[in-house]
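First up is the structure itself, then whatever we jot down about it.
The values are calculated or read from the model by the stated rules, or taken from the named source; none is laboratory data. Keep in mind it's a predicted model, so treat the numbers as computed, not measured. Methodologically, a virtual Cβ is constructed for each residue, glycine included, from the backbone with ideal geometry; neighbour enumeration extends over all protein chains shown. For accessibility, only protein heavy atoms count, side chains too; no ligands or nucleic acids. Shrake-Rupley method; radii C 1.70, N 1.55, O 1.52, S 1.80 Å.
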Amino acid sequence: MDISNTVQPVLIGGDINAYSVARAFHEQYGIISIAIAKDVLGATDNSKIIDFYVDENLTDINHFIESMRELGNDLKEEGKTAILIGTKDDYVDLIIKSKEELKDLFIIPYIDETLKNSLINKENFYKLCEEMNVDIPKTKILSKDMEITDFGITYPIVIKPSNPVLFWSDRFEGMEKVYIVQNKKDFIRIVRLIYSTYYDDTLIIQEYIPGDDSSIWTPSFYCDRNKKVKMMALGHVLLEEHVPTAIGNDAAIIMQYVEEPMEKIKSFLEKIEFTGFCNCDCKYDYRDGKYKLFEVNIRQGRSNYSVTAACVNIAKLLVEDRVQKKDLPLIKQTKELYWHLIPNSIVFKYVKDENLKNRVKELIKEGEEVNTFDYPYDLKNNIKRSIYIMLYKLNHIKKYIQYMK
């Protein structure tokens, strides 16, 4: 089967996640991906590996279904097998809600809505983890009609929305991805701020696990159409982004496999009958030697090109499983690799662990270094994109000076 002429990825989103998936498809099969988003974003703009379209009404579900059916029929007439892939939580949510109406025209490699609600809604997710003995931080739930209380959790305390899709459906002044508060006064202030907005769902109140960015690990998995784990990869975070609205986004990683917590999460995913890609957030707690799970994102991670570069091409997994219906072997990452979006100078300046910095230098020397945006095919004779990527990297230097304390 000539995959390059028969498979068409349709990416819903225009961010770095979308670009990473498009790069995987192009590297593996030479395929130009279709990407659709509400706005033009630099990550996918002026790219030779993406046909990009703006649809301002994309998140209206009726419009989404109508436009996707039109596109799906066009691709079917061209003899293409279309794969629908979301790159943000709200876009994945949209795809899952439209699954029944689109499944005759697209391969849709996602779980059903019931399981999605159990995983995306943090309140439901942490209950599920407790039932299955998955290690999580000490967690309590606060609702809008409850008395504001910190539940006796020792400060600093983490506050985050249980419903991130609703939370990110709009913006408000003082909005942050995660709030870390140092005292009761700030705790009350932040809770009142959030509940003074459109957000009215519950909040997650959680203990803060000590440690800087390098205590964070980012596991990735692929579960096939039979709901069995077929890919396991693990990144050791060096630095996250520190802009308030982007906290938690990985900026530099060493892909470095550790058996624990991977086997625990593998068992968890197979018990709940997960399918498709997922990317998790964990933090190593030196106090008890456990990796505490924060969330399971029901899509490939924003840093998914690190998986393609260090373990296996994620487009290859999708095609061989969903299109060619192959029985895949279980692939565990064995390679160490340094992945980053930010300039190396930032890593060497802000990473505190000297052993990690030395390992980064060794990997660079060994040629085991990748940057998602440094794709030679896409940058060659592409002045506009090359200038954007250069400015993107320089802008990170300013951001870290401003926000990294």
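A few points about this structure:
- Tally, over the range 354-384, of residues that are touching a Lys or Arg at 6+ places or on another chain (Cβ under 8 Å) and open to solvent by less than 60 Å² (accessible area, probe 1.4 Å): 6
- Any chance Asp285 is surrounded by fewer than 23 Cβ atoms within 10 Å (Cβ to Cβ) and more than 23 Å from Lys122 (Cα to Cα): no
- Residue match in the range 35-52 (condition: outside any loop (DSSP other than H, G, I, E, B), hydroxyl-bearing (Ser, Thr, Tyr) and over 17 Å from Thr6 (Cα atoms)): no
- Annotation: Pro329 fulfils all but one of (1) in a loop (DSSP other than H, G, I, E, B); (2) over 25 Å from Met262 (Cα atoms); the unmet one is (2).
- Any hit, the range 95-106, residues being open to solvent by 10 Å² or more (accessible area, probe 1.4 Å), without any contact (Cβ under 8 Å) to a residue 60 or more places away in the chain, among the aliphatic types (A, V, I, L, M) and in contact with a Gly (Cβ under 7 Å, 6 or more places away or on another chain): yes
- Selected residue (only one of Lys88, Lys80 is modelled with pLDDT under 95 and of a type in the set (Lys, Arg)): Lys88
- Subset tally (residues that are modelled with pLDDT of 90 or more and part of a loop (DSSP other than H, G, I, E, B)) for the range 115-146: 9
- Of all residues in the range 174-193, those that are closer than 28 Å to Asp89 by Cα have Cβ atoms under 7 Å from Cβ atoms of residues that are of a type in the set (Asp, Glu) and not in a strand (DSSP E or B), 6 or more apart or on another chain, in Phe187/Asp150.
- Residue in the range 35-46 that is closer than 24 Å to Asp93 by Cβ, open to solvent by less than 10 Å² (accessible area, probe 1.4 Å) and over 18 Å from the mean Cα position of the chain (by Cα) present: no
- Criterion (more than 18 Å from Asn17 (Cα to Cα), of a type outside the set (Lys, Arg), in contact (Cβ under 8 Å) with a residue 24 or more places away in the chain and in contact with a Cys (Cβ under 8 Å, 6 or more places away or on another chain)) met by exactly one of Ile272, Ile265: Ile265
- Residues located in the range 1-34, provided they are open to solvent by 10 Å² or more (accessible area, probe 1.4 Å) and in contact with a Pro (Cβ under 8 Å, 6 or more places away or on another chain): Ile34
- Comparison of Gly211, Gly235 shows that the only residue that is more than 21 Å from the chain's Cα centre (by Cα) and either at positive phi or at pLDDT 95 or above (or both) is Gly211.
- Close pairs from the range 389-405: first touching a residue at least 12 places away in the same chain (Cβ under 8 Å), partner surrounded by 13 or more Cβ atoms within 10 Å (Cβ to Cβ) and β-branched (Val, Ile, Thr), Cβ under 6 Å, at least 6 apart: His396/Ile342; Lys399/Val243; Tyr400/Ile346; Tyr403/Val243
- Residue count, the range 125-151 (criterion: farther than 13 Å from Val191 by Cβ and open to solvent by less than 60 Å² (accessible area, probe 1.4 Å)): 10
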